[in-house]
Amino acid sequence: METKKIIRVGSRKSQLAIIQADTIIEALSAAHPEVTFEVVSMETIGDKIQDVALPKIGLSGVFTKELEAALLLNHVDIVVHSMKDCPALLPDGLVIGTVFKRDSPYDVVVMSTKNAGKTLADLPEGSVVGTSSLRRIAQVSRIHPHLKFESIRGSLNARLQKLDDTDTYAALILAEAGLSRMGWENRLSERLADSGCLYAVCQGAIGAECRADDKETLAILDSITDKNTMLQCIAERSFIRNLGVGYKAPVCVHCEITRDEIHLSGAVYSLDGHETQVLDTRSSLTPDGQRGGKGDQISPQCTSFMSIAAGNTASREEMGVAQRTGAQLAGEFLKSSAKEMLMTAKVSTENSILQERSRREIQA
């Protein structure tokens, strides 16, 4: 009897992370019944540091570094991430081999049990909403200036327990996709999309990373890639990369793909939400509509776009359009008054990082 090929799947240990890994494994198993998939779970630095808001940790890839190290050391063959957690640039030798069909990219409000049935607008002056996201704080502050915000960390299970078992928080802001994957839709109190809020880069999408030279695994992963989600993620990752501020400023996006066109919108906020700028751009995905300038030619040596591997799901020309669209929108922001907002937020966040490091050194 022929032995089945085994692919080791790296994942964080949280319940949500395992659910996401299982989602990818289920799709891969259906497409490749000849392969056995085994989960290898591990903790990341983002899981270990629970007393600091994510922007103050001061590191990119806090939920991916340990998984990527295991991949480079050949301890696992693929690692599954929320695409939102993936840095715009990956370590040398690694690529994102698949981007699975996106779930809702929007944020939602979860009320404490004592506030069941209410919305954010119903909460009393000074009510505390739990989130450590600069983007969420800025957007919601602009709409609901009567609210206060405090960081909350931990797994979804832990955050919901803190919400219900203490009087600290009146509500939490969470990603709808995560809440849905956990089967907790009944806790959804309000969708922030209804208030015009945009979402984080790549929120709602799951990806799997692998070694760039592992052609067999790349071919297996490519079989479950969703074309539209992949193009959205390339455009969004290109946008945030070219802005040059990463997680250090309130930045959000909205991206739609039609048969012929990619439409990318972005928003930049001041940290307090008082100032904002929204811009958008459109690009044709059809050969007749694409520009033909020398700068638009795709090099034959180009095998990935924003660290997402070029496979058979979309043409390299379409992937190139998505990448240029994100860069183009970022360029428009950097030529506008939004540049000052971005730089001010970045400096403020970097100062917070330094203060947090000093605090931890004193305590050590």
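Quick notes on this one:
- Cβ pairs under 6 Å, 6+ apart, first in region 146-159 and touching a residue at least 60 places away in the same chain (Cβ under 8 Å), second in a loop (DSSP other than H, G, I, E, B): 151/53; 151/132; 153/50; 154/50; 155/14; 156/182
- For residue 172, the stated conditions hold: it is in a strand (DSSP E or B) and in contact with a helix residue (DSSP H, G or I) (Cβ under 7 Å, 6 or more places away or on another chain).
- Matching residues, region 247-267, being assigned to a loop (DSSP other than H, G, I, E, B) and touching a Ser or Thr at 6+ places or on another chain (Cβ under 6 Å): 248, 260
- Considering the conditions (1) in a strand (DSSP E or B); (2) under 16 Å from residue 179 (Cα atoms); (3) not charged (D, E, K, R), residue 129 is excluded by exactly one of them, (2).
- Scope region 144-158; condition loosely packed, with under 15 Cβ neighbours inside 10 Å and not in a strand (DSSP E or B); matching residues: 145, 146, 154, 157, 158
- Residue list for region 301-328, restricted to those being of a type in the set (A, V, I, L, M, F, W, C), assigned to a loop (DSSP other than H, G, I, E, B) and under 17 Å from residue 207 (Cβ atoms): 306, 310, 314
- Filter result for residue 153 (outside the structural domain of residue 211 (by TED's automatic domain parsing) and over 16 Å from the mean Cα position of the chain (by Cα)): yes
- Screening residue 260 against (1) farther than 18 Å from residue 343 by Cα; (2) modelled with pLDDT of 95 or more; (3) touching a strand residue (DSSP E or B) at 6+ places or on another chain (Cβ under 8 Å) leaves a single unmet condition, (2).
- Residue 241 among the basic types (Lys, Arg), in a helix (DSSP H, G or I), over 12 Å from the mean Cα position of the chain (by Cα) and assigned by TED's automatic domain parsing to the domain that holds residue 24: yes
- Every pair of residues 6+ apart whose Cβ atoms lie under 6 Å, when the first sits in region 179-206 and is modelled with pLDDT under 95 while the second is surrounded by fewer than 21 Cβ atoms within 10 Å (Cβ to Cβ) and of a type in the set (Phe, Trp, Tyr): 193/106
- Failed item, numbered, when residue 76 is tested on (1) over 26 Å from residue 179 (Cα atoms); (2) modelled with pLDDT under 90; (3) crowded, with 20+ Cβ neighbours inside 10 Å: (2)
Residues checked against (1) at negative phi; (2) surrounded by fewer than 21 Cβ atoms within 10 Å (Cβ to Cβ); (3) modelled with pLDDT under 90:
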{"site": "23", "(1), (2), (3)": "yes, yes, no"}
{"site": "47", "(1), (2), (3)": "yes, yes, yes"}
{"site": "51", "(1), (2), (3)": "yes, yes, yes"}
{"site": "68", "(1), (2), (3)": "yes, no, no"}
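- Scanning region 268-289 for residues that are hydroxyl-bearing (Ser, Thr, Tyr), over 14 Å from residue 256 (Cα atoms) and surrounded by fewer than 17 Cβ atoms within 10 Å (Cβ to Cβ) gives 276, 286.
- Test result for residue 246, modelled with pLDDT under 95 and either closer than 30 Å to residue 149 by Cα or assigned by TED's automatic domain parsing to the domain that holds residue 98 (or both): yes
- Verdict on residue 172 being surrounded by 19 or more Cβ atoms within 10 Å (Cβ to Cβ), in contact (Cβ under 8 Å) with a residue 24 or more places away in the chain and under 20 Å from residue 114 (Cα atoms): yes
The values are calculated or read from the model by the stated rules, or taken from the named source; none is laboratory data. Since this is a predicted model, take the numbers as computed values, not measurements. Positions of Cβ are generated from backbone atoms using ideal geometry, with glycine treated the same way; all protein chains shown enter the neighbour counts.
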